[in-house]
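The values are calculated or read from the model by the stated rules, or taken from the named source; none is laboratory data. Every value quoted in this text rests on a predicted model; they were computed, and no experiment measured them. Here Cβ is always computed from backbone atoms with ideal geometry, including for glycine, and neighbour counts include all displayed protein chains.
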Amino acid sequence: MGFSLNDFHIHSTASDGTLSPGTLMLRAGEAGLRCVALTDHDTTQGLVEAREAAEQIGIELVNGVEVSSQWNGHTLHIVGLGIQCDSEPLQQGLAHLRACRDQRALEMGRLLERAGVVDAYQGAMGFASGQSVTRTHFALYMVQQGFAPTARALFQRYLAAGKPGYVQGQWAELDQAVGWIRAAGGVAVLAHPARYKMTQAKLRKLLRVFQDQGGQALEAISGSHSPLDNQTMLGLAHQLGLSLSQGSDYHGPENPWIGLGRLPPLPQQEPPWWRCWPTRPD
Ligand code: AMP
Ligand code: MN
Ligand code: MN
Ligand code: MN
């Protein structure tokens, strides 16, 4: 497969992105991308529509998912790339996570009502429109209701850890998340590693555990990293023998600072994640 302009971490309306899977593929094609992975939070629901559009547009689509997980009190996001969507263990795991999301949304709704947000749960569910419900959907509703000018400001006031609407998710243990992805023939990638605000020592410890559990790659280049973060993570991946991935974490045009595929290329001398992909198509 010829990967040159690639983006292996993007979201659609199947979770908290604002573009439909089809429109997203169209935008990716317009941006000149060759290969993208759709990686919605805890769901593969968007992949059918995305694949249809990708085939029409002539862009390569990798089946992906971003699994919510936890390790040592940290919430971690594990991207699964090249997964087979009909995998039973994967789909059972994701269904469980979505059920946890629904429960958490109810609890968040109760807390936010107490903080003065009328119809918080119903409003957020309206934005989620039956798909995987996230904190972003609460942010969209509350920005619409005038609680803050932007989603970012809204998170800072209401939805970040320690704020009035925050409820810790009951996510998959790290080994479960990795296991589901591997069972589905996919490659397990630790997403946006610099976002966890861990010391280098802690991150190293996590990555050793991740590798022992079957984790294979690091999203060293991320749209949510600084250039220095990217360099640091490339160095760490090299030292630990992890393969590399890159992703914008695009959620839609509302966040103009994160563009589709606007990422520096992966260093050619290092192994990319698809080297670990056992079921890779020709
Ligand atoms: P959840 O998995 O339901 O806890 O929601 C996490 C999602 O919220 C992330 O994937 C981001 O899309 C979004 N998010 C998290 N923190 C922020 C923030 N500070 N500003 C804007 N969006 C955020
Ligand atoms: Mn998100
Ligand atoms: Mn994430
Ligand atoms: Mn993401």
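For the condition surrounded by fewer than 18 Cβ atoms within 10 Å (Cβ to Cβ) and either under 16 Å from THR134 (Cα atoms) or not polar (S, T, N, Q) (or both), VAL48 qualifies. Among the residues here, GLY73 qualifies as more than 16 Å from the chain's Cα centre (by Cα) and within 16 Å of ligand 1 (Cβ to nearest atom). Go through the range 176-208 and give me each residue that's free of Cβ contacts under 8 Å to residues at least 60 places away in the same chain, closer than 16 Å to TRP71 by Cβ and in contact with a Gly (Cβ under 8 Å, 6 or more places away or on another chain). Residue satisfying the conditions is LEU207 alone. I'd like to know if the range 6-16 contains one or more residues that are free of Cβ contacts under 8 Å to residues at least 40 places away in the same chain, within 19 Å of GLN91 (Cα to Cα) and within 16 Å of the chain's Cα centre (by Cα). Yes, the range 6-16 contains at least one residue that is free of Cβ contacts under 8 Å to residues at least 40 places away in the same chain, within 19 Å of GLN91 (Cα to Cα) and within 16 Å of the chain's Cα centre (by Cα). In the range 15-30, the count of residues that are touching a helix residue (DSSP H, G or I) at 6+ places or on another chain (Cβ under 7 Å) and part of a strand (DSSP E or B) is zero.
Give the residues of the range 141-158 that are surrounded by fewer than 22 Cβ atoms within 10 Å (Cβ to Cβ) and within 10 Å of ligand 1 (Cβ to nearest atom), sorted by residue number.
Hits for the range 141-158 are THR150, ALA151, ARG152, ALA153, PHE155, GLN156.
Across the range 35-87, the qualifying residues are those that are of a type in the set (D, E, K, R) and in contact with a Lys or Arg (Cβ under 8 Å, 6 or more places away or on another chain), and the one among them that is nearest to ligand 3 (Cβ to nearest atom) is ASP42.
Taking the criterion of being in a loop (DSSP other than H, G, I, E, B) and either in contact with an Asp or Glu (Cβ under 7 Å, 6 or more places away or on another chain) or modelled with pLDDT of 85 or more (or both), the residues of the range 260-282 that qualify are LEU260, GLY261, LEU263, PRO264, PRO265, LEU266, PRO267, GLN268, GLN269, GLU270, PRO271, TRP277.
Kindly indicate which of GLY130, GLY123 is closer than 27 Å to SER20 by Cβ and surrounded by fewer than 13 Cβ atoms within 10 Å (Cβ to Cβ).
Details: GLY123 fails: surrounded by fewer than 13 Cβ atoms within 10 Å (Cβ to Cβ).
Selected residue: GLY130, the only one of GLY130, GLY123 that is closer than 27 Å to SER20 by Cβ and surrounded by fewer than 13 Cβ atoms within 10 Å (Cβ to Cβ).
Filtered by the rule that a residue be exposed (fewer than 15 other Cβ atoms within 10 Å of the Cβ) and within 16 Å of ligand 1 (Cβ to nearest atom), the range 196-237 gives LYS197, SER226. When you look at ASN63, is it over 14 Å from the mean Cα position of the chain (by Cα) and in contact (Cβ under 8 Å) with a residue 60 or more places away in the chain, yes or no? Answer is no for this residue.
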